[in-house]
1. Give the residues of the stretch B:175-207 that are within 13 Å of chain A (Cβ to nearest Cβ), among the aliphatic types (A, V, I, L, M) and free of Cβ contacts under 8 Å to residues at least 60 places away in the same chain, sorted by residue number.
2. Which of the residues belonging to the stretch A:319-359 are more than 8 Å from chain B (Cβ to nearest Cβ) and in contact with a strand residue (DSSP E or B) (Cβ under 7 Å, 6 or more places away or on another chain)?
3. Could you list all residues from the stretch A:111-148 that are assigned to a loop (DSSP other than H, G, I, E, B) and either within 22 Å of A:Pro88 (Cβ to Cβ) or in contact with an Asp or Glu (Cβ under 9 Å, 6 or more places away or on another chain) (or both)?
4. So in the stretch B:106-119, with the set limited to residues that are exposed (fewer than 15 other Cβ atoms within 10 Å of the Cβ) and within 18 Å of B:Val135 (Cα to Cα), which one is nearest to the other protein chains (Cβ to nearest Cβ)?
5. Identify, from the list A:Ile263, A:Ile288, A:Ile308, A:Ile284, the residue that is at pLDDT 95 or above and assigned to a helix (DSSP H, G or I).
6. Please tell me if B:Pro124 is within 9 Å of chain A (Cβ to nearest Cβ), farther than 21 Å from B:Leu270 by Cα and either in a loop (DSSP other than H, G, I, E, B) or not polar (S, T, N, Q) (or both).
7. Just to verify a result, which residue in the stretch B:160-174, among those that are within 23 Å of A:Thr362 (Cβ to Cβ) and outside any helix (DSSP H, G or I), is farthest from the other protein chains (Cβ to nearest Cβ)?
8. Sort out which residues of the stretch A:415-441 are surrounded by 22 or more Cβ atoms within 10 Å (Cβ to Cβ), aromatic (Phe, Trp, Tyr) and within 16 Å of the chain's Cα centre (by Cα), and write them in order of number.
Amino acid sequence: MSTSNTSSPMDQNVFDPKAAAESRERRKQVIQKSLAKRHRKEKAFRYAGLSAVVIGLAFVALLFSSILAKGLPAFWQTSMNVPIYFDPKVIDAGPVPVRTQGETPAHYQERYVDWQTKMGMVDWDGIIVNGMIAKDPALANERDYLSSLYASSEAYRLRDMVFADPSLIGKKENINFLGDANVDVWLKGNIDRSLPDDQQQLEPEVRKLADELKAKGVLENTFNLNLFKNPDSRSSPAISGLAGAFMGSLFMMLIVIIIAIPIGVASAIYLEEFAPKNIVTDIIEVNINNLAAVPSIVFGLLGAAIFIGWMHLPLSAPLVGGLVLSLMTLPTVIITTRASLKAVPPSIRQAALGLGASKFQTIFHHVLPLALPGIMTGSIIGVAHALGETAPLLLIGMSAFVASIPTTPFDQSTALPVQVYLWQGNELRNFFEGRTAAAIIVLLALMIGLNSLAIWLRKKFEVRW
Amino acid sequence: MNTIDITNSLEKDKLVNTEQSQFTDKSQNHGTSYVSHFEPQTSKKQNSTEIKISAQDAHVYYGDFEAIKGIDLDIYKNEVIAFIGPSGCGKSTFLRTINRMNDTIDGCRVTGKITLDNHNIYDPNLDVVLLRAQVGMVFQKPNPFPKTIFDNVAYGPKLHGLARDKYDLEEIVENSLRKAGLWEEVKDRLNQPGTGLSGGQQQRLCIARTIAVSPEVILMDEPCSALDPIATAKIEELISDLSEQYTIVIVTHSMQQAARVSDRTAYFHLGDLIEVNSTEKVFTQPDHQLTEAYITGRFG
């Protein structure tokens, strides 16, 4: 202090302990006054943030609880276990034709088709109804209504069983039959029981019968594996399942993984590490960012025009869906990969270059392994996004009703989110509401699984430095 | 300037490495000299006059900005030369031109001539990978790879195919770590990550990594600025030892450090080379007024 005595601001250089103490006190009070306000602001911000989180969580909880409440019961469905006697008297199509010596294949084929036609005309419903009466003899009086209790397709299932194994004829076997969709709706209370008869789906006798059999335990609520094993069905809603849509989605995911991830990662590495920074790469970069923001339905139009209109790939095929979703996912993969490459500390590159590693070696030995967790996370989230995408698939014919499970990516198919869309618009509303929610649960479970995988991979491969 | 040169120098190193015990003894004798003596040491060894690196009218531009404004400088074989000067004076930039690390910076341009053993290092026919194998670099912040200690040191030799087999590689790693004075501290945990070492150990690991490639020149860009005094002392001691075999160019903000480790000192100011002289002369009777102002602490 003594050295700056000469300077003008230090005129009152006489040290007054009292004044100094007062000014200290004043300063303290000023700070204290502002302190209360500052703390208030901080508290207000914290409560605002907290309430935002709580509101967000409440909505998520509401969403999940409503979906689970609607969807979980759909995993269980009305069914009955019936002892079936494959009565040779009813199944009167004769023995399976065996090809005789010297018979032409055409002739044998004819005989076999004849047999099949006869088998098709067998009264399979009668066999099931007989089985039900055998289980509960009191049902003999209600014979006319019994066939309304189980899903109409169950008769065909019985027929197909005999086709597959003709030796069943004459045997007895216990078989599970799915209840009719309307019976399921009635028993689960998904329809207003007080509605007048003309607004009910089932005749009054069938409703009564269903209630009785439920009370007796003949009709049970069992876990519905058909939901996972069967494709969609319209003629017999009770047996409709997700298998077709699931396989369609699976094929599309595989195509996205095979196409979008390698191309996306490779272009990101080139753009980030090798490409010269000039106007061309700038334009490319801007356009990639724009592509990421293009509405997905536009990619559907593009796919319809290029893959179907021009390249004549099959309609409704997971191949086309996968290609469209790959186009849609590419920008996401490129952007996240570039971001994770950028996040690798430059000191690591310098270290490698300084040792005489070439650019290629630097990137593949050091930068890429460090960026890998980020790349994988981005890719998985891109794939999960593609899994949930619906709009572009509607435009390439994947919203068609497909009653078979695709075995190759060229077969017709739907996808899980499209199945949700199709079911929620089904006219048998009170049955498919539960189905829709069940499909959403399966879709969400897959998404959560994929995202957890992303988090796990990131944690596993994360390198700390 | 071909691969045979590298292998030759590697062989040479091995010869030196066989005299390991003598080597370490010497470094221990040296041990006390780091306790800060501001007055420069007398020349430690007979300096050669063989020119290793030579810059003639070197200019470096970042876009339109001229960071180095025409520098002429000869660096002799096996000398330690320190670059000092205020921040932004271009000493690090000039250091990086010597192994072309500036190539990685967008918009950086070098004109003039810089030679290593009379070969222009900016010759378009020169392979920068070979140049960097001859001119190693140690950076300001220790930057070990997030790999094991062994892999850190083994990376360079593996990269250039310098090791004949696994045992040869192990020998190179051990010798490099010994030379960097780190062997005793890490020999039992070679398989642990290099990033788990302390800052000073990490920097010595980086030096070991650099000398594992057997370069002829080692560039050090403020190698001790992120280290505590004890770690700094160890690195400085190491520099003195390494100068027996390598030409070392060191950029430093610490004038004491320049005085302690270097044979010659070059003073940079705003992109110009103001003065280069023996360290003793620079710190006792500098030729130039700016140098004197800087070393007496009037600015910088």
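The values are calculated or read from the model by the stated rules, or taken from the named source; none is laboratory data. It should be emphasised that the depicted structure is a prediction, and the values quoted were computed from it without experimental measurement. Note that we place each Cβ from the backbone using ideal geometry, even for glycine, and neighbour counts take in every protein chain shown.
1. Residue satisfying the conditions is B:Leu197 alone.
2. As a first pass, look at the stretch A:319-359 and keep what is more than 8 Å from chain B (Cβ to nearest Cβ): A:319-344, A:346, A:359.
Answer for the stretch A:319-359, where residues must be more than 8 Å from chain B (Cβ to nearest Cβ) and in contact with a strand residue (DSSP E or B) (Cβ under 7 Å, 6 or more places away or on another chain): there is none.
3. Within the stretch A:111-148, the first condition is being assigned to a loop (DSSP other than H, G, I, E, B), and the residues that meet it are A:121-123, A:136, A:147-148.
Scanning the stretch A:111-148 gives A:Met121, A:Val122, A:Asp123, A:Ser147, A:Ser148.
4. Filtering the stretch B:106-119 for residues that are exposed (fewer than 15 other Cβ atoms within 10 Å of the Cβ) and within 18 Å of B:Val135 (Cα to Cα), the one nearest to the other protein chains (Cβ to nearest Cβ) comes out as B:His119.
5. Values: A:Ile288 fails: at pLDDT 95 or above; A:Ile308 fails: at pLDDT 95 or above; A:Ile284 fails: at pLDDT 95 or above.
Sole residue among the options that is at pLDDT 95 or above and assigned to a helix (DSSP H, G or I): A:Ile263.
6. Numbers: within 9 Å of chain A (Cβ to nearest Cβ): no; farther than 21 Å from B:Leu270 by Cα: yes; either in a loop (DSSP other than H, G, I, E, B) or not polar (S, T, N, Q) (or both): yes.
Taking the combined requirement at face value, the residue does not satisfy it.
7. Narrowing the stretch B:160-174 to residues within 23 Å of A:Thr362 (Cβ to Cβ): B:160-163, B:169, B:172-173.
Within this subset, residues satisfying the condition of being outside any helix (DSSP H, G or I) are B:161-163.
On the way: B:Gly161: 11, B:Leu162: 10, B:Ala163: 14 Å.
My answer is B:Ala163.
8. Of everything in the stretch A:415-441, just one residue is surrounded by 22 or more Cβ atoms within 10 Å (Cβ to Cβ), aromatic (Phe, Trp, Tyr) and within 16 Å of the chain's Cα centre (by Cα), namely A:Trp423.
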